[in-house]
Amino acid sequence: MAITKSYQRYLTVPSAIISDGILTIPLWAVTSMSLGETYHLPAIGDSGAKAVVATHDDTITLNGVLVGAERYAWKLGLETLAETSKRGGALAAFTGGRFSGLILVTSMTIRTDMQIQSLSFSASAAKRDVIDVTITMAHMPLPGALGKLLDVASLGVAALADWGGN
């Protein structure tokens, strides 16, 4: 029986990319992704005056595997991004605080202002040279019209990416 090692073809497009503007972690093997949106309902009898606040909370959960010899470096990079996402990271420094958190690029969505809410790793004897990873991210946009503008812009970028791929 031949022993095979896990490998990764780096010339393919990753399933997801997480970045703070400098440190970029590609996830080539995302096995599942879910996007949850929780909408805030106004209180009964609420007045017509509204403040500019977020109308919904978004969470994205990615399940995947870190494959190959670089899996420990990807793991360390994800842990670093989880810590820096709470402080704003490079993106906040570049933009003077107008953007904070991380950038997430997937086939389902492109988001800025993401924070890693939870990060878990596991390994098993059934999968050699692989680390399973589960990442839950929360969308934490700054209040105001800029967050909505970024959502619309990400929709345009996603549409162009789909159009260019055909």
What is the sum of charges around Ala82, taking Lys and Arg as +1, Asp and Glu as -1, for the other residues whose C-beta is under 13 Å from the C-beta of Ala82?
-> 0
In terms of solvent-accessible area of protein heavy atoms at a 1.4 angstrom probe, what is the ranking of Phe94, Phe99, highest value first?
-> Phe94, Phe99
Between the modelled labels at Leu142 and Ala90 (7 Å from Cα along Cα→Cβ) the distance in nm is 2.0
Built amide H within the under 5 Å cut-off of Met140, gap 5+ | Met114, Gln115
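Could you order the peptides 110-123, 24-37 from most to least packed, using the average number of other C-beta atoms within 10 Å per residue?
110-123, 24-37
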Sorted by accessible area (1.4 Å probe), largest first, how do Ser124, Ser100, Ser85 line up?
-> Ser124, Ser100, Ser85
Please give the peptides 71-78, 58-65, 125-132 ranked by average Cβ packing (other Cβ atoms within 10 Å per residue), highest first, as a rough proxy for protection.
-> 58-65, 71-78, 125-132
Report the extension gain between Asp129 and Thr12 in nm, rounded to one decimal, defined as 0.36 nm multiplied by the number of residues separating them, less their alpha carbon distance.
-> 40.2 nm
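The values are calculated or read from the model by the stated rules, or taken from the named source; none is laboratory data. Values in this document were obtained by computation on a predicted structure and should not be read as measured data. Every residue, glycine as well, gets a Cβ built from its backbone with ideal geometry; the counts of neighbours run over all protein chains shown. SASA here: full protein model, heavy atoms, side chains in, ligands and nucleic acids out. Shrake-Rupley method; radii C 1.70, N 1.55, O 1.52, S 1.80 Å.
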